[in-house]
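Participant: Pasting in a structure now, in structure tokens, and then I'll have a few things to ask.
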4 protein chains.
Amino acid sequence: MSTEPGIGWLGTGRMGSVMAGRLIDAGCPVTVWNRTAAKTAALAARGVRVAPDIAALAGCWLVFTMVTGPADLEEVTLGEDGLLTSERRPGVLVDCSTVSEEASARIRAAAAAAGTGFLAAPVCGNPEVFAEGQGSFIASGPADTFEAARPYLERIATKVTYVGGQEQARLVKLAHNLYLGMMVQSLAEVVTLAEKAGTPREAFLEFFNGSGLASPWIRRRSPELVTGDRHLTFTNEQLRKDFDLGLGAARAREVPMPATSTVYQIIQSAIGHGLREEDFLSLYEFQARGAGLGLD
Amino acid sequence: MSTEPGIGWLGTGRMGSVMAGRLIDAGCPVTVWNRTAAKTAALAARGVRVAPDIAALAGCWLVFTMVTGPADLEEVTLGEDGLLTSERRPGVLVDCSTVSEEASARIRAAAAAAGTGFLAAPVCGNPEVFAEGQGSFIASGPADTFEAARPYLERIATKVTYVGGQEQARLVKLAHNLYLGMMVQSLAEVVTLAEKAGTPREAFLEFFNGSGLASPWIRRRSPELVTGDRHLTFTNEQLRKDFDLGLGAARAREVPMPATSTVYQIIQSAIGHGLREEDFLSLYEFQARGAGLGLD
Amino acid sequence: MSTEPGIGWLGTGRMGSVMAGRLIDAGCPVTVWNRTAAKTAALAARGVRVAPDIAALAGCWLVFTMVTGPADLEEVTLGEDGLLTSERRPGVLVDCSTVSEEASARIRAAAAAAGTGFLAAPVCGNPEVFAEGQGSFIASGPADTFEAARPYLERIATKVTYVGGQEQARLVKLAHNLYLGMMVQSLAEVVTLAEKAGTPREAFLEFFNGSGLASPWIRRRSPELVTGDRHLTFTNEQLRKDFDLGLGAARAREVPMPATSTVYQIIQSAIGHGLREEDFLSLYEFQARGAGLGLD
Amino acid sequence: MSTEPGIGWLGTGRMGSVMAGRLIDAGCPVTVWNRTAAKTAALAARGVRVAPDIAALAGCWLVFTMVTGPADLEEVTLGEDGLLTSERRPGVLVDCSTVSEEASARIRAAAAAAGTGFLAAPVCGNPEVFAEGQGSFIASGPADTFEAARPYLERIATKVTYVGGQEQARLVKLAHNLYLGMMVQSLAEVVTLAEKAGTPREAFLEFFNGSGLASPWIRRRSPELVTGDRHLTFTNEQLRKDFDLGLGAARAREVPMPATSTVYQIIQSAIGHGLREEDFLSLYEFQARGAGLGLD
């Protein structure tokens, strides 16, 4: 443990701000930094300390990173005056971004060389879910690093699962998102079928949500499915990216993924048909079009 | 309502016995009949009245049928001295079997001609689920017939959903089972991937069941997925039959079902590879074989 | 054999006219009949004898039928004053329509009872192909019936293959059409890929047609694929019908058809997206849309 | 053009030897080199000059490379004393290997810097096909480089198609192989269906090969499909590699490939079921197993 007290948070986009906010609400001494400084304003207004540069954050004993992808993660950790290249380094680095196993392993190796424990800790749940304290963490890395970080993870999210000593959390997160895509497409197919056969979406979902098959996610999003509200949570393009990574990981392990692949190709087609930037619930509309139904 | 008191139950196989048992437990005056009389023995031992023939049951004002398919249903309703061809006919006939929309419509037409209200009321859940009172009904038919039957349905199952005035319940039940098959295959793919990437099934399912994606069904069956217990609940051949009916209904409505079809072909392949009579959780083993993993 | 000499031809739509025309060109004494009499006009103008009713045709020793489906076939054979119910019956009945194995078996049984040899003889090739003498027959039925009909089949088409003693020809024809659909979709995928990667369709097809993978069908239709000419030869709805029958036959034999099913669902989606009545070469445009390319 | 006359051939594996042999048969002054010198012995026995090292080959004005993949290609061209790093460099470098577009572009850039014209010229056809003069080339690169190489390409293969100024030939080759895999799977499905429905493979293929759908490749390999001869031409693992590259290229261009993906997953499953090193015609056996048929 570093002699420097405090917790650093790097990356205060929409998700990062909510997550850091939960630590702050729990009374933790958090210092934040974000490349686009404006995105720290709301937290600063709440009295949170804003670091002038990454090096200032590197002195915290525990630092969380929540950035948009592997390139950003490498820059803020391995770039000049980065978290792992500054004079002082955090004792524990917890990365919550969605990156590939390969990128994660590169950071882990660099962290080990720098004397920093590294925890891969991707999240499941969107900002709304986290704001309500219903988010979850999947964590992998050395067991002692996990134990050191665990109390803080548990302040951020209800559910924290440790899945292995290396990069396993990355794959588990991808597996989660592959399942999510399949779940939405599966639901789109049966809802469309029921609807075309004379059972309105609302009635079908009422039944479905009372059955043993409905996940909390489906119950939560059912009103939107019925009303056609497609406010943005996760675009088809973002979902495709996770399928790219997940199917790449499956190929590396020689695991056939026939249902996953079918859904992947549907996502690709939906993008080609103009739904690139739409929320992925629009897979329902894409399915409806294929059934000859107009858009909602 | 008939002047004849009492409730009739036709079909006391494993599922029918559990369902009738719930009515009996609730104090309803139930008379049962089963083609193979031995299957009424356990209920008779509890003091339940056993009808000598179908005609004796036809005098009940409300009769439930729970038989194995359309041929049996037609025989017990439209055959000689059947429920709809006997001198006395029930005021309400509630069929809980899994039959096609076409078969259901034929019975409905005959019931209407015989002056009997007909409710299509297929169930979701296996005998264990119903025994615990966690089963559900999907019902369709005339609204007044539904209202007459509803109090009894609610004594049998926790959740009762009315989905339309004709045969819609049949399709909704099929949609439920299509989703069930897709859910199991989707899970099989991501569990296998996680497992081959170093996260044991148990750890993965612990995470998954804490996430927003896990349905009660998956949580309930997770221990079996981990241990490899594949006691029979529903065979691959039975699942294929529901996919046959569901995809046939989708074709009739011109609804493309790409993910459903992919899973259907996997079920067919699993049958060809020798898993015909296995519980459909064996789709997990079939997926594992494709990934080069030995059977459990 | 009937005392009435000559050959009867029932069904002079576009395809039937071309086929009958080839017999006539070869000097055979053909008598024709068609429900819509106007469709015999062109042949009549060439001096061909037109029968006043089906019964008049039934006296021919060999009668060909070329109608649009099983309902028509049953009517002209088993209906009142049909080919198999008239006073006189042909010695040999050769049906060239596309009907299911079940319908074919029903006609065969009736023909046998009527003392008529029945040959199932569906065709491969469109009217243009047959007009050039490049069509083919697949035949099944009793070997002696086949031998009796063979000289006439060979006057109509270049290639005549005998595939079995019962209804096998029906299934083989369906298998041919399933392959045709897969071939077109497979080509659509690789042409679109090459095109988006900078190789124009024309250059790609020039290469492809010189390789060992190009079928005569692809070589023949390549100019249309390049120019976007989509004159009607076979609609997506007609192709779907053959996939319905073919996949139904596969299900009956428990043969998984994963690639076929994928293409079937694509055809269904294309229909939902408005391409129902388009020539099935439009699957290329549907693929191009999915790739984000505008229509030609 | 170099002052050194003659043509160099680098890579005399089974395919390279056949190809170089055709130039030699045509009277061209060919010098060969192979990393494993033993593989040049047969050509040397025919009097062909064998270069002692790559540098000796680099002096030829035109050099062909036929190696197993991008790593080998980079080594023999860009490694120490490679074709593009020796003191003398060939005027034209023609690469016939199967490599990705990315690898091809790297070599092209290095060749340009070295003053060497680079032609991507992958081949279609196996050694037997080339030995009979029925092979084909797909070429891309600067038009003048193509024109310089063309006379030699035409001595090796019947068909030479120019498809673009950069790396297009790589993609077209992959598209060819994707189609090949789909063609084999499509055929496996319909042959299995016909067989299970009572038409032997031999009869079906006789019909099929006389229809407009059969490619020369299918006609050529039909006897093997019938007899079950599965001598090695291209393993399932090799086919999977080309699908990896082809689907990667499709993803880069955002082209959905639903039928291709279905076949890719089947290949992956076949590998998991133990058919990794089998000739890819074994996809027929894998399909037959799924249909509940024993292996041949």
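The values are calculated or read from the model by the stated rules, or taken from the named source; none is laboratory data. Not measured: the values here are computed from a predicted model. Neighbour counts run over all protein chains shown; Cβ positions are idealised from the backbone, glycine included.
Participant: Say whether the condition of being in contact with a helix residue (DSSP H, G or I) (Cβ under 9 Å, 6 or more places away or on another chain), farther than 21 Å from residue A:34 by Cβ and small (Gly, Ala, Ser) is met by at least one residue in region A:74-85.
Facilitator: So far as region A:74-85 goes, no, none of its residues is in contact with a helix residue (DSSP H, G or I) (Cβ under 9 Å, 6 or more places away or on another chain), farther than 21 Å from residue A:34 by Cβ and small (Gly, Ala, Ser).
Participant: Check residue D:99 against each of (1) surrounded by fewer than 23 Cβ atoms within 10 Å (Cβ to Cβ); (2) under 30 Å from residue D:217 (Cβ atoms); (3) touching a Gly at 6+ places or on another chain (Cβ under 8 Å) and name the one condition it does not meet.
Facilitator: All conditions pass for residue D:99, except number (1).
Participant: Report yes if residue A:180 is facing another protein chain (nearest Cβ under 7 Å) and not hydroxyl-bearing (Ser, Thr, Tyr), otherwise no.
Facilitator: It is true that residue A:180 is facing another protein chain (nearest Cβ under 7 Å) and not hydroxyl-bearing (Ser, Thr, Tyr).
Participant: Looking at region B:237-296, which of its residues are under 16 Å from residue C:255 (Cβ atoms), away from chain D (no Cβ under 13 Å) and among the aliphatic types (A, V, I, L, M)?
Facilitator: Within region B:237-296, just B:247 meets the criteria.
Participant: In region D:156-174, is there at least one residue being of a type in the set (S, T, N, Q), more than 9 Å from every other protein chain (Cβ to nearest Cβ) and out of contact with any Asp or Glu (no Cβ under 6 Å at 6 or more places or on another chain)?
Facilitator: Within region D:156-174 (the criterion being of a type in the set (S, T, N, Q), more than 9 Å from every other protein chain (Cβ to nearest Cβ) and out of contact with any Asp or Glu (no Cβ under 6 Å at 6 or more places or on another chain)), the answer is no, since none of the residues qualifies.
Participant: Are any residues in region D:209-218 closer than 17 Å to residue C:136 by Cβ and within 7 Å of another protein chain (Cβ to nearest Cβ), and if so, which ones?
Facilitator: Residues satisfying the conditions are D:210, D:211, D:212, D:213, D:214, D:215.
Participant: Continuing with this model, one more query. Hey, can you tell me all the residues within region A:68-80 that are under 23 Å from the mean Cα position of the chain (by Cα) and not aliphatic (A, V, I, L, M)?
Facilitator: A:68, A:69, A:70, A:72, A:74, A:75, A:77
Participant: Please find, among A:58, A:120, the residue that is modelled with pLDDT under 95, more than 20 Å from residue A:14 (Cβ to Cβ) and crowded, with 23+ Cβ neighbours inside 10 Å.
Facilitator: A:58
Participant: I'd like to know if region C:219-228 contains one or more residues that are surrounded by 20 or more Cβ atoms within 10 Å (Cβ to Cβ) and more than 14 Å from chain A (Cβ to nearest Cβ).
Facilitator: Among the residues of region C:219-228, at least one is surrounded by 20 or more Cβ atoms within 10 Å (Cβ to Cβ) and more than 14 Å from chain A (Cβ to nearest Cβ), which makes the answer yes.
Participant: Related question: When you scan region C:185-203, how many residues do you find that are closer than 29 Å to residue D:128 by Cβ and either among the acidic types (Asp, Glu) or out of contact with any Leu (no Cβ under 9 Å at 6 or more places or on another chain) (or both)?
Facilitator: Total satisfying the criteria: 2.
Participant: Also, quick follow-up: Before we move on, is residue C:190 crowded, with 21+ Cβ neighbours inside 10 Å, modelled with pLDDT of 95 or more and more than 7 Å from chain D (Cβ to nearest Cβ)?
Facilitator: Judged against the criteria, residue C:190 is not a match.
Participant: How many of the residues making up region B:137-156 are within 26 Å of residue B:71 (Cβ to Cβ), buried (at least 17 other Cβ atoms within 10 Å of the Cβ) and not aromatic (Phe, Trp, Tyr)?
Facilitator: Looking only at that region, the number is 8.
Participant: Scan B:202, B:195, B:206 and give me the residue that is more than 7 Å from chain A (Cβ to nearest Cβ), of a type in the set (D, E, K, R) and surrounded by fewer than 19 Cβ atoms within 10 Å (Cβ to Cβ).
Facilitator: Selected residue: B:202, the only one of B:202, B:195, B:206 that is more than 7 Å from chain A (Cβ to nearest Cβ), of a type in the set (D, E, K, R) and surrounded by fewer than 19 Cβ atoms within 10 Å (Cβ to Cβ).
Participant: Moving on. For region D:68-85, enumerate the residues that are in contact with a Leu (Cβ under 9 Å, 6 or more places away or on another chain) and surrounded by fewer than 19 Cβ atoms within 10 Å (Cβ to Cβ).
Facilitator: Listed by number, the residues that qualify are D:78, D:85.
Participant: Restricting to region D:34-80, what's the tally of residues that are of a type in the set (Phe, Trp, Tyr) and not in a loop (DSSP other than H, G, I, E, B)?
Facilitator: Qualifying residue count for the region: 1.
Participant: Can you tell me how many residues within region C:18-33 are among the aliphatic types (A, V, I, L, M) and assigned to a helix (DSSP H, G or I)?
Facilitator: Final tally of qualifying residues: 5.
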